[in-house]
Amino acid sequence: MADDKDKILKADRFVSHPGDGAAANLRKRFYETASARPDEEGFVIELDGRPVKTPARATLTVPTGSLGEVIAEEWNAQETHIVPENMLVTKLANTALDRVAPRKDEVVAEIAIFGESDLLCYRAESPESLVTRQAEEWDPMLEWLEHQYQARLELASGVIFREQPSADLARLRDAVASRSEFELAGLHQAVSLSGSLVLGLALIDGQIAADRAYELAHLDETWQAERWGWDEEAQARLEERRKMLNATAKYLELL
């Protein structure tokens, strides 16, 4: 498993930032008002009546008015300079258009592969208190997955890889492939941050909230911190991941 910093960097590299590439001139605020205008393809984000372009020069058009309004709010909240770190929903919308739509099959594969070594399947062998907590917290999510997607993932002790049933993995891949480009952008982010396809699907389905997904994804770290205390640097990285998960959940709710 990648460490906390690696997961944050991997997720952040996937998203398309407002200041990336051809859109680097957006670094300084140059507009008065952002808005979302409905058209036949969805809702176009505009700055002073002119369409916003993604870093890959696509028109920033989103599928719902509620998503468009939140993106416009992010642009309106910028002050003298445009700060991508404060525009997490805009980033995900850009990602759907620039990085998911042109290569949807590849993105589906990148997400689905997490099912082969899902975080929730790899259990501690000791101490008993951690073994018990993992079972109490993670087993219900695997039971939900089996009921919702008819996919049963098998457990493994320790870190030795355990191959999952191919038919169950195929059903999970089909479930991922059925999502829209905008949904896949959020799902990719959620799965990358949590290390779990199960948690990503539960989040996009509304089965759990972002804070609960965060708690389940960091059960081991929390258990260790309860005994040895928090490392400040590690805690800061985890809080950044919580922030990104919350933004991802908000984005998915707006679709």
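Taken together, the values in this text are just the output of simple stated rules run on the coordinates, not laboratory data. Predicted model, so just to flag it, every value in this text is computed and none were measured. Glycine gets a Cβ as well: all are built from the backbone with ideal geometry, and neighbour counts include every protein chain shown.
When the Kirkwood radius is taken over all Cα pairs of the range 16-101, what Stokes-Einstein diffusion coefficient follows at 37 °C and 0.692 mPa s, in µm²/s?
For these conditions, the coefficient is 263 µm²/s.
So what are the ³J(HN,Hα) numbers for the range 203-215, from phi and the Karplus equation (6.51, -1.76, 1.60; θ = phi - 60°), rounded to whole Hz, Gly and Pro as x?
Those phi angles translate into 5, 5, 7, x, 6, 9, 8, 4, 5, 5, 4, 4, 4 Hz.
Among 123-132, 73-82, 185-194, how do they line up from the highest to the lowest mean number of other beta-carbon atoms within 10 Å?
Going from most to least packed, we get 185-194, 73-82, 123-132.
Could you compute Rg(Cα) / (2.2 N^0.38 Å) for the range 71-173, with N its residue count?
1.51
Compute the signed sum of charges (Lys and Arg +1, Asp and Glu -1) over the other residues within less than 12 Å, Cβ to Cβ, of residue 162.
With Lys, Arg at +1 and Asp, Glu at -1, the net is -3.
With an 8 Å Cα cut-off and a minimum separation of 6 or more residues, compute the relative contact order for the range 16-101 in percent.
Worked out over the range 16-101, it gives 35 percent.
Assuming a ≥ b ≥ c are the square roots of the Cα gyration tensor eigenvalues, decide whether the range 135-255 counts as rounded (a/c under 1.5), prolate (otherwise, with a/b larger than b/c) or oblate.
The shape class here is oblate.
Using only Cα atoms, locate the centre of the range 202-220 and the centre of the range 228-255, then give the distance between them in Å, rounded to an integer.
11 Å
Using only the alpha-carbon atoms, how far is helix 181-194 inclined from the longest principal axis of the chain? Give it as 0 to 90 degrees, nearest 10.
Relative to the chain, helix 181-194 is tipped by roughly 40 degrees.
Regarding the range 65-108, what whole-number volume in Å³ per residue does the convex hull of its Cα atoms give?
76 Å³
Nothing charged except the Cβ atoms of Lys and Arg (+1) and of Asp and Glu (-1): what's the magnitude of the dipole of the chain about its Cα centre? Round to the nearest 20 debye.
820 debye
At a threshold of 8 angstrom on Cα-Cα distance, excluding pairs fewer than six apart, so keeping six or more, what relative contact order does the range 131-234 reach in percent?
20 percent
Any idea what the relative contact order of the chain is, in percent, if you count C-alpha pairs under 8 Å spaced at least 6 apart?
Rounded, it is 21 percent for the chain.
Less than 18 Å apart at the alpha-carbon level, and either on another chain or at least 8 residues along: which aspartates and glutamates does that give for residue 250?
12, 69, 73, 74, 85, 181, 183, 205, 211, 215, 239, 240
Using alpha-carbon positions, what is the distance between the centroids of the range 87-127 and the range 145-171, in Å?
Answer, in whole Å: 17.
With a cut-off of at most 16 other beta carbons within 10 Å, and DSSP calling the residue loop, which GluC sites (Glu not before Pro) in the range 144-246 qualify? Please list them.
154, 163
Please give the helix 65-77 orientation as an angle from the longest Cα principal axis of the chain, in degrees from 0 to 90, rounded to the nearest 10.
The two axes meet at around 70 degrees.
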